[in-house]
Structure formats: C-alpha cells, structure tokens
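Data block below; observations after.
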Amino acid sequence: MPRHVQVLIAGGGPVGLAAAVELGRRGVDCLVVEVRPTVSRARPRCKTLNVRTMEHLRRWGLADRLRARAPLPVSWSQDVVFCTSLAGRELSRFTGVLGLAAEGDRFPETGQQAPQYVLEEVLREAVEELGACRLVLGSRVVAVSQTDDMVSVTVENGSGQRSTVTADFVIGCDGPRSVVREQIGSRYVGGEFLRPNFGMVFESTGLWDHVRHGPAVQYWIINRSAPALVGPLDRRNTWWAIAFGVDRETGEREAHRIIDGVAGRHVPAEVVSTDPWTARMQIVDRMRHGRVFLAGDAAHLNPPFGGHGLNTGIGDAVDLGWKLAASLAGWGAPGVLDSYESERRPVQERVIREATANMRVLSTELLADNLDETGPAGEEARRAAGARIQETKRAEFHSLDLVLGLRIPASPILPVGGKGSAGEARKGARLPHVFLDDGRSLYDLLGDGLTLLALGGRGPEVTAVEEAARVRGVPLTVVNLPEAASSAYARRLGARLLLVRPDQVVGWLGGEAPGDALALVDTLRGCPRQSAAPRAGRRPRPAGP
C-alpha cells in the first residue's frame, strides 16, 4: 500500500475503473481500492453500453477489445421483442435499438450489448497495464478525513488490518452504500418505487429451441403468470430475467414457475443467482466536499429501463477524470473542479427523469385479455397491444437524442455568449462527428488537452490561440482537416474555428478569431481573465465545499 497518491478511488466497479483509466492515461498516480478480489459473473446488472460509452472506450483504445469479449456481437441482433412468451405470440418489436445500428457519420462506435462483468474485466486489465495506476483488491475504504492540503484515507484489508494513505483527491465510486458519501455528510434525496422486482440469472439447455421470435437482445413477456423482461447473456444457455412485482420470498420459492411462464412451456432450468431490487430515483444533495468527489451510483440512482445508469456513471468518470488531471498538471485552475457538479447534475437529473418515464409502462401495465387467443378477438387484442407498445415504449429503445444530445446548459468553464451568437446552440454539446475520406474518425484526431479545429486553414487566428495556450501552459492540439472536408464541416457547424475539450465537448466556436484568446483559454481552464499563468507542477488549492 503506498503512503501517498495523487488520486485515490474508492470502489473498483466500472465507474471507478473508468476514472482510473482516464487519469492513468494522463500520467496521474492513482490507487483503486476494491473489496472484491475477482469480478463476479453471478449478477451481470448492466447489459447495455451506449454509443457515448463506446466512444470513450474507443478513445482509450479498448472498444475493439471489449467487442471481442462480448458474448453477443452487434450483428447477432438489434431487436427488442414484446410477446406473450418465448414460445408464444409476438405482439410488437423494435429494431435498431439502443444505438446498435450504425447511422452514417453520426457516431464512430455503435452501442454494444455486454454484461457488466465483461466491461469490468476489460477495465481491470487496462488499469493494470497503466504504469501510473495501482489496483488493490480485497480491501475497502472505511474512513476519510481531509485538510485544506490533502485527504487521509483509512483502508482495511480482508484480515481487518488497517493502513492510512494520503491523497491529493479522493473519488467515491463505492456504490449505493458508499462509505465516502457517508464520511463527507452527503445524502440521497428523491424517491423510491416500492413495487418489488425479482432479478435472476438461469441456465436452460435447449430453451433456444422454443423461441419463436428469432434472436433479440430483450424479450418483454406479457402474460399473467409471469410478466417479465428476459434476455440472453450468451448464445448458448445463459439467460437473465426480471419478474415484475415479485418479492424476494416469492421469487426464490417460485423461480422455476416464473421461468416456465417466461418460456411458455416447461423447460429444465438451473437458477444461477437471484437479485431482488426496487427502483430508486435519487441523487445526492452534493457531489463534492473539498477534495472529495462522488461519482456513479454513489452520487445518483435511477431505474434501469433504457440502460442509462452505468453509462451515466462512465460520463461522470470522464468529466471528473480530465478535470482532476488538468488541476494536478497545473493548467487547470480551481474553477475547473468547481464545474464538475454544475455540469453533471443536470445530466444526471435528466437521465433520472427519462428512466422514470420508461418505468411507467412495464409488462404488468400491458396485460390484456385474449392475447394468446386465435380468431378475431385475439387478433384485435394483439393489434391494440402492439399499438400501445409502440406508443409508450419507443423512447426507451430509440434514445440516441438523449444519449448524444445532452448539452451542458451553463458552466463556469464555458464562455458566455450573447443571445443568438454564433455557435451558442452547439457550445457545451458533444462535438458533431464525421468520418474523413480516408475512413478515420474526426474523434481520433483530438488531443488529450484542448483541441483547436481550424476549418479555414492556418492563419493568425490559429497563432493567437496557440500563443494563449502556451502562455497558460495548456496542452493544445491543432487539427487542420483536408480542404473539402474542412469546408463541408464548417458549413455544417456555421463556424471556422472550434475549441474542443478533452471530453469531446465543444468549448467554444466562432466564425473568426476570439476577441481575447487569453480570456477564452482562461475560461476553459477554470480561471478568471486576470489570473497569472500557472507554475509548472503547482498543486491547485481547491475551492471549499
């Protein structure tokens, strides 16, 4: 156990590991403390990695590695089916769901269906490959205290032995029962849906032989004996299921009856694990106290419908990771850390609202008579059910406008523009993507610091931004696109110059050079215009809670 690290991360689930990758790739010395010695495959929880998460994995050089490990390739299925059972009647379906279908230039990476444990295993490997990172397993954070200059963290191993590590900053990624959240006096606010749900993983040899609806990533089961959501974890025998309205005791007692109800006939099955839960719509009253931050489930919880929870946590890790790295490198001023909560909270709140809306209509709300009947009554019942499904569930499976369209409405590190000024609609949003003629993604050209996209060739305006970045010690990558691509992209954006942040968010854009390049760079690095240039290696003093 080291005595001191720059960043200590409590919790080595996907969010904590993602934060370590974001930091470690930038040379930040970080320690991840995780209680689980091995990644458990018993409860896969999240199974949807959305387009935005896959874009980050591409930036880290991990997208192809993860896809190679995923049991369900994107080409296998891009459908969600609603049916009376796996062997029963089909009521409706959605195709091209959850970002699994390519859409031209809109994004460089499609989404990917993969159990959470696959992502964790890939991220653990990546952390261990980074020289700046250390992963300590079988231990947990039990206490946190801080001064103006550092954080003191007590770590307990599996034998009960305790040691102390000091850190410049701490990130609490230790989930809903977060010790870090408790230690800094932060608490969840919001509600909880009291109706129980019973999750399980089961193996059933030959179940695929009875599926009438072809491959799908999810099957919504609409029948009175087992209203449920079910899907394959692989193309062999392993399945996950959520039985709606079923409590722990009933689920454990009647698991095989539920499986038979889902299948539409008796099938041999072995229950691998169970996971009872209730939906929570909660967010913490504060995500930061001094040098300690919260991310992922330690900061916010939402219903799983739509697959946004883990992906939102990865977004937290990326946002906080580059900002901590900038602060530790000396070019990020205190304002860059102040922006973490102000930028992420609106995103998290919107995701909670959308996931809650998705939960309003589940299999239990779609039950109707005659759905399995032959003849006119059955046909009419299925037609009505299909119409309601299309009306109420489309937004859940076609949510790219939410995933890619999230925009930071206001931030202390985004310049304020006048109403109707050029680029105001795109500032704070994800950089629009484009593939170049040689097949490269524009995102592959972006740097780890700020990136200046010069769409009108190299001129004095480029030099002005370069000089401002040099004076302030800000790493800057200048990208000049080929002339044809540059002109087309400039027309699309209505701007010739763009400054892009490390998280692929547009920080500023305009038709000509900024009026004061130093002021612009100062804003983007979280520092007022009059601030002096940072000294190399200086540790910033964070703002108060």
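Read-outs: derived from the displayed coordinates by stated rules, not from any lab. Keep in mind that what you see is a predicted model, and the values were worked out from it rather than measured. Reconstructed Cβ throughout: ideal geometry from the backbone, glycine too, with neighbour counts over all protein chains shown.
Taking every alpha-carbon pair under 8 Å whose residues sit at least 6 apart, the chain reaches a relative contact order of 16 percent. The simple spin-label model puts a point 7 Å past each Cα toward its Cβ; for residue 379 and residue 437 those points are separated by 5.6 nm.
Evaluating 6.51 cos²θ - 1.76 cosθ + 1.60 at θ = phi - 60° for every residue in segment 2-13, the Karplus couplings come out as x, 7, 9, 9, 6, 9, 9, 10, 8, x, x, x Hz, glycine and proline recorded as x.
Cα centroid separation, segment 121-182 to segment 44-102: 32 Å.
With a cut-off of at most 15 other beta carbons within 10 Å, and DSSP calling the residue loop, which trypsin sites (Lys or Arg not before Pro) in segment 112-205 qualify? Please list them.
177, 187
Sparsely packed loop sites in segment 355-391 (the trypsin sites (Lys or Arg not before Pro) outside DSSP H, G, I, E and B with at most 15 other Cβ atoms within 10 Å) comprise 360. Once percent of Cα pairs over 41 Å apart is calculated for the structure shown, the corresponding label among (1) 23; (2) 26; (3) 34 turns out to be (2). Sequence-ordered 3J(HN,Hα) estimates for segment 156-161 from the Karplus curve with 6.51, -1.76 and 1.60 and θ = phi - 60° stand at 10, 8, x, 8, x, 6 Hz, glycine and proline given as x. Using a cut-off of 10 Å between beta-carbons, work out the net charge of the residues near residue 478 (Lys and Arg +1, Asp and Glu -1, residue 478 not included). Summing Lys/Arg as +1 and Asp/Glu as -1 gives 0.
Take every pair of alpha-carbon atoms less than 8 Å apart whose residues are at least six positions apart; their mean separation over the length of segment 1-100 yields a relative contact order of 18 percent. A Förster radius of 35 Å combined with the Cβ-Cβ distance from residue 224 to residue 68 puts the calculated FRET efficiency at roughly 0.25.
Taking each DSSP H run with n ≥ 4 as -39500 (n - 2.57) and averaging over every residue of the chain yields -9500 deg cm²/dmol at 222 nm. Output the relative contact order of segment 407-524, whole-number percent, from Cα pairs under 8 angstrom with separation of 6+ residues. Relative contact order, segment 407-524: 35 percent. Relative to the longest principal axis of the Cα atoms of the chain, helix 116-129 runs at roughly 30 degrees.
Kindly provide the GluC sites (Glu not before Pro) of segment 35-138 that DSSP labels as loop, not H, G, I, E or B, and whose Cβ sees at most 14 other Cβ atoms within 10 Å.
Answer in residue order: 103.
Between residue 26 and any residue 5 or more places off or on another chain, the built amide H atoms are never under 5 Å apart.
With a cut-off of 15 Å between beta carbons, the residues surrounding residue 237 carry a summed charge of -1, where Lys and Arg count +1 and Asp and Glu -1. Taking the C-alpha atoms only, the angle from helix 375-397 to the longest principal axis of the chain is near 20 degrees.
Roughly how tilted is helix 309-329, in degrees to the nearest 10 and between 0 and 90, from the longest Cα axis of the chain? Its long axis makes an angle of about 20 degrees. The calculated FRET efficiency for the pair residue 147 and residue 42, based on their C-beta separation and a Förster distance of 60 Å, comes to about 0.90.
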